[in-house]
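The values are calculated or read from the model by the stated rules, or taken from the named source; none is laboratory data. Remember, predicted model here, so these are calculated numbers, not experimental data. Don't worry about glycine lacking a Cβ; one is built from the backbone with ideal geometry, like all the others, and counts go over all protein chains shown. Only protein heavy atoms, including side chains, enter the accessible area calculation; ligands, DNA and RNA are left aside. Shrake-Rupley method; radii C 1.70, N 1.55, O 1.52, S 1.80 Å.
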Amino acid sequence: MDINEALDLIHHYSPAGGLVMDLFAGTLVTSLASLRLNRRSVLFERGSVLGIITELMMRLIPHYHTCVR
């Protein structure tokens, strides 16, 4: 999915300030689209690279909520 598709889906199916869950967060597209649209996001993904990226984003963006599994 590209960023524009994610933006469209999130805009139409979740309220502003809502929570978006991404069960396959490999590319972070859903999470980035959520942030652009003022939604919180919860991510689930296996792999250490995402864990590092998630840690950095949590430090840089105070309202960035994630859960890496």
Counted residues, segment 31-48 - those being surrounded by 15 or more Cβ atoms within 10 Å (Cβ to Cβ) and more than 16 Å from ILE61 (Cα to Cα): 1
Filtered residues of segment 1-22 (kept if part of a loop (DSSP other than H, G, I, E, B) and open to solvent by less than 100 Å² (accessible area, probe 1.4 Å)): ASP2, SER14, PRO15, ALA16, GLY17, GLY18
Identity of the residue in segment 22-39, among the charged types (D, E, K, R) and out of contact with any Gly (no Cβ under 7 Å at 6 or more places or on another chain), that ends up modelled with the highest pLDDT: ARG36
Subset tally (residues that are of a type in the set (Val, Ile, Thr) and farther than 16 Å from HIS12 by Cα) for segment 29-45: 2
